[in-house]
1. With each label point set 7 Å from Cα along the Cα-Cβ vector, what nm distance links residue 194 and residue 239?
2. Count the DSSP beta bridges whose two residues both fall in the chain, then state the antiparallel fraction as a percent rounded to the nearest 5.
3. Any chance you could run the full-extension gain for residue 263 through residue 203? It's 0.36 nm times the residue separation minus the Cα-Cα distance, nm to one decimal.
4. Along the range 105-114, what does the Karplus equation 6.51 cos²θ - 1.76 cosθ + 1.60 (θ = phi - 60°) give for ³J(HN,Hα), rounded to whole Hz, x for Gly and Pro?
5. Enumerate the calculated ³J(HN,Hα) couplings along the range 229-240 in order (Karplus 6.51 cos²θ - 1.76 cosθ + 1.60, θ = phi - 60°), each rounded to whole Hz, writing x wherever the residue is Gly or Pro.
6. If I model a spin label at residue 246 and residue 46 as a point 7 Å from the Cα along the Cα→Cβ vector, what separation in nanometres do I get?
7. With a 1.4 Å probe and every protein chain kept in, tell me what percent of the accessible surface of the range 48-172 is carbon plus sulfur.
8. Using amide H atoms built 1.01 Å from N in the peptide plane, name the residues 5+ places from residue 64, or on other chains, whose amide H lies under 5 Å from its own.
Amino acid sequence: MRAIRCERQGSPEEALKLIDLPDPVAGPGEAVVKLRFAGLNRRDVWIQQGQYARIQLPAVLGSDGAGVVESAGAGVPQSLVGKRAVIIPCEKWGPDPAVQSKEFLILGMPRQGTLAEKIAIPASMVVELPDHVGFEDAAALPVAGITAYRALTTRGGLRGGEHVLVTGIGGGVATLAMLFAQAMGAKVSVTSGDDEKLKAARELGAIAAANYNAKGWEKDLVAQAGRPPSLIIDSAGGDGLNALIAAAAPAARLVLYGATRFSPSRLDMPKIFFKQIDIRGTTMGTDDEFKSMLALVAQHRIKPIIDRIFPLGQAVEACKLLAKSGQMGKILLDCTT
């Protein structure tokens, strides 16, 4: 089978190579999925750039995938073969739903990932697709969907009618967080450094949109929305965190799922405690949360935003687009071409 393997750290041209590997075989408790589409995530870029923990190379990257179950190993019901499926992008969460175990792993290093024509995984990671969810939409869901869902619900405690601020619209998690929150009855505002992405978000129903490069953007956003946000979903951190704290309503929850701008040089502590703001961290999610996320998508017929689909052999070009944040939504690879 063909696969995209990260051979070394460097630019996509330096790091990625299209190779041929033996077809995977389903071991006991496993299933082989013939992939139709795979999705890219920031994790794939960070591994190439050496900005990820415990990197083990070479590795076939990719955590998002959807396709058809081709075979099942011993102990797995053969009725699974032929099913349309999406793959849970992580394993070994552990017994405590509040936090992942030390054994927790995300698909695509060290285990072979989805940037390939086929993959062998534990059958417990295979979830049958609802009839009306296509392979493209399914492949856009796993990492971004489970992250957005847990951030909004388990960690964010989203309530219908709330004003939710989602920062960095255009990224996979942010765009799904907007769509999920809207489906759950919230009003959503967004930020971005790209005015075209802000325009696209307004067309998708955002009640307010602000460019975070503008001075005083937080006051403008609250004025547009008519009220401050009571739930904020953020992946950037950095010094912009203080603007989020300033924008937040009293007793707001601020849920962080990333730190692309790293730690702030200063933190406005008085506003945090005087406004009684909760700051919460989150990462990925449990198998049950993944299934609940998929049920939400099916119930509300949510369509993930897909920016572009590249052939598998053009993974370098796809990763270059993701690395410069040039997308609105998810970038996919067609594993059949």
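The values are calculated or read from the model by the stated rules, or taken from the named source; none is laboratory data. Keep in mind that this is a model prediction, so the values were computed, not measured. Note that each Cβ is placed from the backbone with ideal geometry, even for glycine, and that neighbours are counted across all protein chains shown. Heads up: the accessible areas ignore ligands, DNA and RNA and are worked out on the full protein's heavy atoms, side chains in. Shrake-Rupley method; radii C 1.70, N 1.55, O 1.52, S 1.80 Å.
1. Each label point lies 7 Å from its Cα, and together they span 2.4 nm.
2. Working: 32 of 57 bridges.
Just about 55 percent of them are antiparallel.
3. Values: separation 60, 0.36 × 60 = 21.60 nm, distance 3.24 nm.
Residue separation times 0.36 nm, minus the Cα-Cα distance, leaves 18.4 nm.
4. Per-residue couplings from phi come out as 9, 9, 4, x, 3, x, 5, 3, x, 8 Hz.
5. x, 9, 9, 10, 10, 9, 10, 9, x, x, 5, x
6. 2.8 nm
7. Working: 2390 of 4640 Å².
Carbon and sulfur together cover 52 percent of it.
8. 39, 114
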